[in-house]
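Undergrad: Sharing a structure here in structure tokens format.
The values are calculated or read from the model by the stated rules, or taken from the named source; none is laboratory data. Predicted model, so just to flag it, every value in this text is computed and none were measured. Virtual Cβ from ideal backbone geometry, glycine too; neighbours counted across all protein chains shown. SASA here: full protein model, heavy atoms, side chains in, ligands and nucleic acids out. Shrake-Rupley method; radii C 1.70, N 1.55, O 1.52, S 1.80 Å.
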Amino acid sequence: MRQKLTLILVISILQTSNAQPYWIGKNNTADIYQSILFIKPFNINSLPDKYVINISADNHFRLYVNGTYVTHGPTKGDAANWYYHAIDIKPYITNGNNLIGVEVVNRGRFRALSEFSNFCGLYVKGTTSLSQSLNTDGTWKMYQCFATFPNMDNHMFVGAREVYFSGNYPHGWQNIDYDHAKWNNAQILTDTIPQKLTNSPIPLMYEQVKKIKSIRWEASKYEPITQQNLNNWLAAKSPVTIEPWSETILLLDAGELTNAFPLLTFSGAIYSNVKLTYAEALFEKPYNYDENKGHRDSVRNKYMRGTRDEIILDNKSMITYSPAYFRTFRYIQLKITTLSEPLTIYPIKYRTTGYPLVANGTFICNDTMLNNIWNTGWRTAKLCALDTYVDCPYYEQLQYIGDTRIQALITLYMSGDDRLIKKALTDFYTSMGADSLTKSRYPDRWGQQIIPPFSLFYISMLHDLLMHTTNDDFIKSHIPAIKKILQWHKNRLNNEGILGPIPYWNFIDWTADWKWVGYDAGSGIPVRAEKEGRCAVHTLQYLMALQKAAFIMSYYNDANAKMYLIEAQDLQTIIHSKYWRPDLNLYADFPDGNSSYSQHCQALAVLTDVCPKNQAKKLVVNMFETKSLIQASYYYRFYLLQAMKHAGMGNEYLGKLEPWKKMLNIGLTTFAERDEPSRSDCHAWSASPNYDFLATVLGVEPNEVGFKSVKISPNIGTLNQVQGTVPHKNGIIMVKYIKHEKSLEANITLPANLYGIFSYNGKTIKLVPGEQNISVK
């Protein structure tokens, strides 16, 4: 009896409002696909200035206040960094009775690889004495909803799509006048909670409602929809009605690739079925994914293939459906099947989402194609920036280090916002295991994939951040990881002083010669490299990381700086002696006569100064003109073009953009993963021109650590007029160039307290805060 009374007392305490918050929900296995609705009524006598709550969920929440949708979250992390968001719900509350509602969805074993989970639950904590009435405890109500089930199509990387039964969903549950009497008190999760709650280092994702641009085709059995009705529907003037016993297919075109939550509203028919298929582009063959998709605007005689949601409409009342997770699409195919009753469909909209990047960097010139490349690159970068960076939003949604280094540079130059970059670096640092290497991608609940070269690019990311921002304490906290990664590689130098066989997957690039042969195997590298090592590119990547680490350590007065510098110098000599072929004016991929030759090797030899400076220009020319070289993909062309600039050939940069022009000419609205046939139509590593347009063409770069001063060295090539802006911690750097036959006019404005130099044609001029006009021959 005493034990029973004690238990009752404990439960009573836990259910008391204003007590500490608890996780509430279902404590069964995290492998079960489930959705739980939570509500809490509360009363406000006098509206405060703010009403802030901290909210998190396992795994995904949609927040409503008084029936109004507020936002979704939380930011992706892992058990060591489970993120919550501080949200001010003041705009949504009124004097008197209010209701907060939260829908939590956990896709269980059908969730994406980037999603960790332990249960299906909600956590809310008020940050003031007033908002503490919303602390999650047993006074909340919950309802386990069985309206949504997994459609397992491609669930591994992006999570399962949905099959939604509208009759099983308690429509209107978010409203205060809904009858919640039969809902249960929330279940408090009193077992050990593995998640360590951490305030999200990044803001909530932005959301913006948009309309579909056009209907590309309509096909109906029995009763076609008139064009006028379709036009009115598209213009959001009126709904359309699908007749009974019919099948209708509509192909909707958003006009450009987007990440968004589709919003569909229906009324009328019982047992109607609506299938939504999402695609980046249509295909020329029905089953072969490895093909040219052709012009992305073209839909004639093509096939729709893609991930799919399905809606089973089994009630007559008006209902609105939106999937719990965003979808990536340019095209949406609606396949609508009705039975004995007509179905009314209201104008479809979608709510775009992503990291709230702001375009503080700008670029415009007298070449329309370059302006289009700029705009397309920015759209690509935005679609690959979510609560983590992702390699591609449609197929994988995973944050790979190789991709992220390029994405981070674009972010720094285009927005100046370093929060997502620091989160990415924290993710990679967290991923490190006992083997002293980062995982190739993270968050990743498998956590098995290791690409040693990507750990080296993590060091490059830290160097990039050091040069562009003031984040000393943050960067210093990563120094132990730098040392472990370099020591791991040093331990694998052979008796020649170069890297021998290296375990794990030593991916370099996707090329026609380095083909896909399977996960974590010899894909994306020379065949010889996997078995025998000794690949010049791997050792050069290690050298580049050594050089950047030496710089970082020197800046922070770390004792390892001198050691890294000496090791780097020795390695430069070794690489040149073993791989240089003077008869070809090229560096070989392997240190023997039976070697392949790649653009990758030449680019890294220039960037690391293995190639003597007086030979660098000639090597860069050979790198581009020797067609027998293994050719770099869009990803590694970033390093090719950096090498060209490093060799003093920046003015030739604009002549190397043919791959990007080709992508625009086939109707891509974002830049693809690789040359045709390309799997992904949106890959942020291909948006590198947006960085180069500002850092190379406009020529704006840090002249000191932390961007304490600026160096501006324009490389405008054949352009006559070009102007742009680059964000800086002190404000905005503005530049404008007009080229005459024998001179260049530059108008430069630096923000307060920023000094620098202007360099052009061998002439150097000091720059001061404010506006200055310069004319040089």
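Undergrad: Amide H to amide H under 5 Å from residue 59: which residues, 5+ apart in sequence or cross-chain, H placed 1.01 Å off N in plane?
TA: 105, 106, 121
Undergrad: Semi-axes of the stretch 364-523's equivalent ellipsoid from the Cα gyration tensor, sqrt of 5 times each eigenvalue, largest first, rounded to whole Å?
TA: Equivalent ellipsoid semi-axes, largest first: 28, 21, 16 Å.
Undergrad: Rounded to the nearest 0.05, what FRET efficiency do residue 661 and residue 231 give with R0 = 30 Å and r taken as the Cβ-Cβ distance? Could you check?
TA: 0.30
Undergrad: Is there a quick way to get the dipole size of the stretch 588-645? I mean about its Cα centre, with the Cβ of Lys and Arg at +1 and of Asp and Glu at -1; what is the value in debye to the nearest 20?
TA: Charge dipole, the stretch 588-645, about its Cα centre: 280 debye, nearest 20.
Undergrad: So, by mean Cβ neighbours within 10 angstrom, what's the order for 67-76, 375-384 with the highest one leading?
TA: Averaged packing, sorted descending, gives the order 375-384, 67-76.
Undergrad: Now for a separate question. Given all pairs of different Cα atoms, what value in angstroms does the Kirkwood hydrodynamic radius of the stretch 235-288 take?
TA: Result for the stretch 235-288, one decimal place: 14.4 Å.
Undergrad: While we're on this one: Please compute the per residue accessible area over the stretch 499-577 with all protein chains in place, 1.4 Å probe, rounded to a whole number of Å².
TA: 44
Undergrad: Can you pull the percent of Cα pairs in the stretch 484-606 with separation above 23 Å?
TA: When all Cα pairs of the stretch 484-606 are counted, 32 percent exceed 23 Å.
Undergrad: Now, a different point. Taking the stretch 68-204 as the region of interest, what is the percent of Cα-Cα pairs per 5 angstrom bin, listed from the shortest bin to the one with the maximum distance?
TA: 2, 8, 14, 20, 21, 18, 12, 4, 1, 0
Undergrad: Report, by chain and number, residues whose modeled amide H sits under 5 Å from the one on residue 400, excluding near sequence neighbours (fewer than 5 apart, same chain).
TA: Long-range HN contacts for residue 400: 391.
Undergrad: Hey, another quick one. For helix 452-468, what angle does its Cα long axis make with the longest principal axis of the chain, in degrees from 0 to 90 and rounded to 10?
TA: Roughly 90 degrees, rounded to the nearest 10.
Undergrad: Enumerate the calculated ³J(HN,Hα) couplings along the stretch 709-717 in order (Karplus 6.51 cos²θ - 1.76 cosθ + 1.60, θ = phi - 60°), each rounded to whole Hz, writing x wherever the residue is Gly or Pro.
TA: 9, 10, 10, 10, 10, x, 9, 8, x
Undergrad: What number comes out for the charge environment of residue 169, summing +1 per Lys or Arg and -1 per Asp or Glu over other residues with Cβ under 12 Å away?
TA: Value of the local net charge: -3.
Undergrad: Also: What ranking, highest mean first, results for peptides 196-207, 251-262 when packing means the other Cβ atoms within 10 Å averaged over each residue?
TA: Per-residue mean Cβ counts within 10 Å order the peptides as 251-262, 196-207.
Undergrad: Residues of the stretch 649-751: accessible area per residue at 1.4 Å, in Å²?
TA: Accessible area per residue, the stretch 649-751: 33 Å².
Undergrad: Can you work out ³J(HN,Hα) from phi for every residue in the stretch 676-688, in order, using Karplus 6.51 cos²θ - 1.76 cosθ + 1.60 and θ = phi - 60°, giving whole Hz and x for Gly and Pro?
TA: Karplus values, whole Hz, x for Gly and Pro: 4, x, 10, 5, 9, 8, 9, 9, 5, 5, 8, 8, 4.
Undergrad: Using a 1.4 angstrom probe on heavy atoms only, work out the carbon and sulfur share of the accessible area of the stretch 133-217 in %.
TA: Using a 1.4 Å probe with all protein chains present, the stretch 133-217 comes out at 51 percent carbon and sulfur.
Undergrad: So, one more: In debye, nearest 20: dipole of the stretch 400-519 around its Cα centre with unit charges on the Cβ of K, R (+) and D, E (-)?
TA: It comes to approximately 300 debye.
Undergrad: A further question on this structure: Apply the Karplus parameterisation 6.51 cos²θ - 1.76 cosθ + 1.60, with θ equal to phi minus 60°, to every residue of the stretch 428-439 and state each ³J(HN,Hα) to the nearest whole Hz, in sequence, with x for glycine and proline.
TA: These are the phi-based 3J(HN,Hα) values: 5, 4, 4, 6, 5, x, 5, 7, 6, 10, 6, 6 Hz.
Undergrad: Next up: Per residue, how much space in cubic angstrom lies within the convex hull of the C-alpha atoms of the stretch 639-777?
TA: Hull volume over Cα atoms, normalised by residue count, gives 123 Å³.
Undergrad: In Å², and per residue, what accessible area does the stretch 436-490 have when probed at 1.4 Å with the other protein chains present?
TA: I get 29 Å² per residue for the stretch 436-490.
Undergrad: Can you list residues whose amide H is under 5 Å from residue 216's amide H, if they're 5+ apart or on another chain and H is modeled 1.01 Å from N?
TA: 251, 252, 253
Undergrad: P(r) of the stretch 61-131 in 5 Å steps, Cα pairs, percent per bin?
TA: 3, 12, 23, 24, 15, 11, 7, 3, 1
Undergrad: Two decimals is fine: what's Rg over Rh for the stretch 136-271, C-alpha atoms, Kirkwood radius as Rh?
TA: A ratio of 1.04.
Undergrad: Over the chain, what is the relative contact order in whole percent, taking alpha-carbon pairs under 8 Å and six or more residues apart?
TA: Contact order relative to length: 10 percent.
Undergrad: Straight distance only, please: which aspartates and glutamates reach the Cα of residue 490 with their own Cα at less than 19 Å, same-chain residues fewer than 8 apart left out?
TA: Candidates past the 8-residue exclusion: 435, 530, 532, 558, 567, 570.
Undergrad: What's the carbon and sulfur percent of the stretch 483-602's accessible surface, probe 1.4 angstrom, rounded to a whole number?
TA: 53
Undergrad: I need to check one value: relative contact order of the stretch 49-142, counting alpha carbon pairs closer than 8 Å and at least 6 residues apart, in percent.
TA: Value for the stretch 49-142: 38 percent.
Undergrad: From the convex hull of the Cα coordinates of the stretch 558-698, what is the mean projected area in square nanometres?
TA: If I average the Cα hull's projected area over directions, I get 10.7 nm².
Undergrad: Dipole size in debye (nearest 20) for the chain around its Cα centre, Lys and Arg Cβ +1, Asp and Glu Cβ -1?
TA: That gives the chain a dipole magnitude of about 620 debye.
Undergrad: Which whole number in µm²/s is D for the stretch 619-690 by Stokes-Einstein, with the Kirkwood Rh taken over Cα pairs at 20 °C and 1.002 mPa s?
TA: 166
Undergrad: A further question on this structure: Once Rh is set to the Kirkwood radius over Cα pairs, what Stokes-Einstein translational diffusion coefficient, in µm²/s, holds for the chain at a temperature of 20 °C and a viscosity of 1.002 mPa s?
TA: The estimated diffusion coefficient comes to 75 µm²/s.
Undergrad: Run the accessible area of the stretch 220-359 with a 1.4 Å probe and give the carbon-and-sulfur part as a rounded percent.
TA: 50
Undergrad: Sorted by average packing, counted as other Cβ atoms within 10 angstrom per residue and highest first, what order do 548-555, 499-506 take?
TA: Listed from highest to lowest mean packing, they are 548-555, 499-506.
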